[in-house]
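Single-structure report; data block below.
Bear in mind that the values in this text are calculations on the coordinates, not laboratory data. Quick caveat, the model's predicted, so the values are computed rather than measured. Note that we place each Cβ from the backbone using ideal geometry, even for glycine, and neighbour counts take in every protein chain shown.
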Amino acid sequence: MKNIVIKTDKLTKRFGDFIATNEISFEVYDGEIFGFLGANGAGKTTAMKMLCGLSTPSSGSATIAGFDVYKQTEQIKKNIGYMSQKFSLYEDLNVIENIEFYGGIYGLTRKQLAHKTGELITQLGLQTEAKKLVGSLPLGWKQKLAFSVAVLHEPKIVFLDEPTGGVDPITRRQFWDLIYAAADRGITIFVTTHYMDEAEYCNRISMMVDGVMKALDTPAQLKQQFNAGSMDEVFFELARGAKRKAD
Amino acid sequence: MRTLYFLLRKEFKQIFRNKALLPMIFIAPLIQLLILPLAADYEVKNINISIIDNDHSAYSRKLLKDITASGYFKAVGYGNSFQAAFRQIEQDQADLILEIPAGFEKNLVNEGAQSLFIAVNAINGSKATLGASYLRRVVEDFNAGIRLSWMPAGNDQQVGNDQQAVIETVSSNWYNPFLNYRFFMVPGILVTLVTMICVYMCALNIVKEKEIGTIEQINVTPVKKHLFILGKLIPFWIIGLFVFTVGLFGIGRLVYGIVPQGNLLLLYGFLSLYLVALLGIGLLISTYAETQQQAMSVAFFFMMIFMLMSGLFTSVDSMPAWAKFLANCNPVTHFIKVMRMVLLKGSGFADIQFPMLMMVGFAIFFNTWAILNYKKTV
Amino acid sequence: MKQFTSFVRKEFYHVFRDPKSLLILFGMPITLIVLFGFALTNEIKNARIVVCDYARDAASQQIISRLSVSNNFSIHQSIMSHEELESSFKSGNIQLAIVIPAHFNDDLLHLKHAQLQIIADASDPNTATTLTSYAQSVINSYQQELRSYHKSGLQIIPEIRMLYNPELKGATNFVPGVMALVLLLVCVLMTSVSIVREKELGTMELLLVSPFNPMMVIVAKAVPYFVLSLLNLALIVLLSVGLLGMPFQGSVLLLFAVSSLFIITALSLGLLISNSTSSQQTAMLISLMGMLIPTMMFTGFLFPLENMPVALQVIANAVPSKWYYSIVKSIMIKGLGFSAIWKETLILLGMTIFLLTISFKKFKTRLA
């Protein structure tokens, strides 16, 4: 019996006449790795922002971790983690300071903070870099750090917006190891990406095209459905007719 | 609140780590405070006068002596040519010209009246008025002297002595007997510097986070917006207080010898309110600007107006009614007034009640507007 | 040349696509000129004074009526005691008090000598001395009248003519100063950010990798602001003459020619700042905090430069707006030609060359 952690019903976001997200309805189960795919401009980031409580939907409904997206955004925020597309740690603070800051505002106690900080640094292998300003770290390490900070408070769900953009394949692999580890701990992962091979790592994926959700299934089933050898081909099939190109 | 503690810790770390910023906040203002009051001196002295003497008589020479002896004037030219003197005015070497016509002494005695021609460079209206009035006074005294010298000795009381009716004015200067301009300027410049720091820094700081994207990250956390705002305002409030204190006691007292006459608690109470109002303005600017450049432009615009309309450089009373109204909508105007009143005159709470009320009004107005706007757009 | 044009075009796009900054760029000088043209003046008008008249006789009444007629003063109150005097000053309501002792008229008539006291609030020394002078003037002319009731000839009549500004408008002194201030600061502000922003965003690398002369990059950045500043200048001049009634005696062409030079000087200063800093924030703070007050004070329109200690006068010489202020006054108000301003112009030229040379040097070393 799977728990539902995210449930949306005809969730829509309009900007004037432009419908960025058009009545999407789906469910995400507890503990799964959910891939939220789509071309640039398909409406992924808009949808994600609604689910995080960053933007108010125009119509439709959604519950995240059991909380209503219109009325209970404060509760939602307590239970989620987020890693934005634009890197969002403080570049002029060092590694430890960033961890302590975010840990602190998520309500971790001093003891928890000390413990977590040590744990994280060891896990990421940042022992020698711990006191260095984050701005001086290479991109891959920044991304891994940002992810770790996003799950520091063990949220129910973590939202990742194109987390591996611009990162080398080895680091990407390491990143996904972190994601698996988090999923094993029971954190639901909601990730958007362009990398179709990463789609294969997910339990289920959805595909947004022109603001509409065109597919929702496991990677294996989608490949079978579209008679495709890879997710690339699936994507191509679905997104071919897309009208919106830019992000 | 724990969250606030973490927010503040982060802010202070960032501020003090910013090597380029620190000198701007602390050192530059203090240097300016050190140097600028030395420059501020409106006194009209050493008025340059160029004299054209076509008469070369005893009277004209006496007049010349009286003029230079008066202490107001410095003779920069003495000749025959109006052209040459006028050129001195054009080149800003002379501020006024006095032309003594030929036959001055003779005609004065024989015909009873003579004119002297004076031309004044009136670009600076106030300087011109004062210069002209000083010169007029010298001429009048000279005139009286001449009349007296023509009075037959020991004469009719009625006629003779009326010429001598003298109204002696005794002038006293209260609160600043030595007319020390620094006393006047230092508080004003200090206020201006603190204002600049708080408004600019606050606005730029928040907009920078907007530009980089770290604000979005904060928005996703359970940190309430009003806490975040407090976390941004408090550091600059503290810095403002600090810079003010160093400026007042470090430089004001040690270098310029300004000893506060009034109640310091009162002053700091007002200062705290003032800073809140200013930070509200900075916050407000940050909600409307998307880039640092925009924030800077807007902040600059308002700073210029605030400064020039604050009564620091020119007097508010001399402004036309509408400008006076604007000047009174300017929080800086009020603080400069209060600074001077409390520091130099020792005014008390009753005296500054009105500006204090205005400041409370400003603080509430700007901060409310800013916070409402912040919640909507950021 | 074509490369240069494409650079310039890109810079124009940057500028025009930021309407908020544009608003400030234009709106600010206009607002400031109008505001200050009307509001700022060195004259002290309507100063609140009190009169403490212990005499209450003919002579004192005469003096009081003369004071109230003068537009420098506005008699706030008549008070009757010294205690009230103190509290009036402390409450900040009045700036000057005149105390006329008892028997004033009698003393004048019989003793031929009377005293009165002028007390000024010298916490504002400027207002204090000016008001005291004004008051003394009024009393002096009253004294003159007394004397000339008995004419015995020997009357010297000073004829005073106010040159260049017969109506003694404050605008005449301030507008050229605000012009100099605003043009300098706006140009510096805008260009100081331009180079640094590209460095911060990373787009500078692209430019540096391209086969273009770095000088071209720098100059191209300044061009849109140069054009905008000239437009600004035209607007300011139109406003000053049309709205504020400022005189324009000299050659328009000359003014614009020299102004162009000044604008380039200002832009060069901004470029230098931009080249020397690594973050937008620093560049902005230097332009704003570092330059605002010093420029205001050393241009010479707020405080007379000749009153400053020599050391500061020397520093003032390094402020470009000081020279420009003098030039504007010479051309607009005095109607003089190039022969009167060649020295200042040469100085501005020298400053520009100096600033540009250092800018280019600094920019080059980044490449290496």
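Mind checking which of C:Pro294, C:Gly245, C:Ile358 is farthest towards the positive end of segment C:232-365's charge dipole, using Cβ charges of +1 (Lys, Arg) and -1 (Asp, Glu) about the Cα centre?
Toward the positive end, the furthest listed residue is C:Ile358.
Can you give the average number of partner chain beta-carbon atoms within 10 Å of each beta-carbon in peptide C:95-104, as a whole number?
Neighbouring Cβ atoms belonging to other protein chains average 1 per residue here.
How much FRET efficiency would the formula 1/(1 + (r/R0)^6) give for C:Glu145 and C:Ser276, where r is the Cβ-Cβ distance and R0 is 56 Å, rounded to 0.05?
0.30
Using only helices, what value at 222 nm comes out for the protein assembly as shown when you add -39,500 (n - 2.57) per DSSP H run of length 4 or more and divide by the total residues, to the nearest 500 deg cm²/dmol?
Helix contribution divided over all residues of the protein assembly as shown: -18500 deg cm²/dmol.
Between segment A:167-221 and segment C:224-272, what's the alpha-carbon centroid distance in Å?
60
For a quick check: sort A:Val134, B:Val246 by the number of other beta carbons within 10 angstrom, fewest at the front.
The order, fewest Cβ neighbours first, is B:Val246, A:Val134.
Taking the Cα centre of chain C as origin and charging only Cβ (+1 Lys, Arg; -1 Asp, Glu), how large is the dipole, in debye to the nearest 20?
It comes to approximately 1700 debye.
Need the C-alpha centroid separation for segment B:1-30 versus segment B:72-116, integer Å.
Computed from Cα coordinates, the inter-centre distance equals 63 Å.
Just to verify a number: FRET efficiency for C:Gln3 and C:Leu231, C-beta to C-beta distance, R0 = 25 Å, to 0.05?
0.45
Exposure proxy check: A:Arg14, C:Arg17 ranked by fewest other beta carbons within 10 Å?
Least to most surrounded, the residues fall as C:Arg17, A:Arg14.
Quantify how strongly other chains surround peptide C:286-292 by giving the mean number of their Cβ atoms within 10 Å of each of its Cβ atoms.
6
Please tell me the relative contact order of chain A in percent, rounded to the nearest whole number, where contacts are Cα pairs under 8 Å and at least six residues apart.
Relative contact order comes out at 28 percent.
What percent does the relative contact order of chain B come to when contacts are Cα pairs within less than 8 Å and at least six residues apart?
18
Given 0.36 nm per residue, what is the gain on full extension from B:Lys224 to B:Gln353 after removing their alpha carbon distance, in nm?
42.9 nm
Residue farthest toward the positive end of the dipole of segment A:52-140, with Cβ of Lys/Arg at +1 and Asp/Glu at -1: which of A:Leu124, A:Gly66, A:Pro138?
The Cα lying farthest towards the positive end belongs to A:Gly66.
Over segment B:47-163, what is the relative contact order in whole percent, taking alpha-carbon pairs under 8 Å and six or more residues apart?
27
Work out the length of the dipole vector of the protein assembly as shown about its Cα centre, built from +1 on the beta-carbon of each Lys and Arg and -1 on the beta-carbon of each Asp and Glu, and round it to the nearest 20 debye.
In total the dipole reaches around 2020 debye.
For B:Tyr374, C:Tyr325, what ranking results if the residue with the fewest other Cβ atoms within 10 Å of its Cβ goes first?
B:Tyr374, C:Tyr325
Find out how many positive minus negative residues lie around B:Met185, taking Lys and Arg as positive, Asp and Glu as negative, among other residues whose Cβ is under 13 Å from that of B:Met185.
My count for the surroundings of B:Met185 gives -1.
For chain A, modelled as a GNM with alpha-carbon contacts under 10 angstrom, which of A:Val28, A:Val69, A:Val167 fluctuates the most?
A:Val167
What's the extension gain from C:Gln155 to C:Met215 if we count 0.36 nm per residue and subtract their Cα-Cα distance?
This chain segment gains 14.5 nm when fully extended.
Among B:Leu8, C:Ala311, B:Leu326, which residue has its Cα furthest toward the positive end of the charge dipole of the protein assembly as shown, with +1 on Lys/Arg Cβ and -1 on Asp/Glu Cβ?
Of the listed residues, the answer is B:Leu8.
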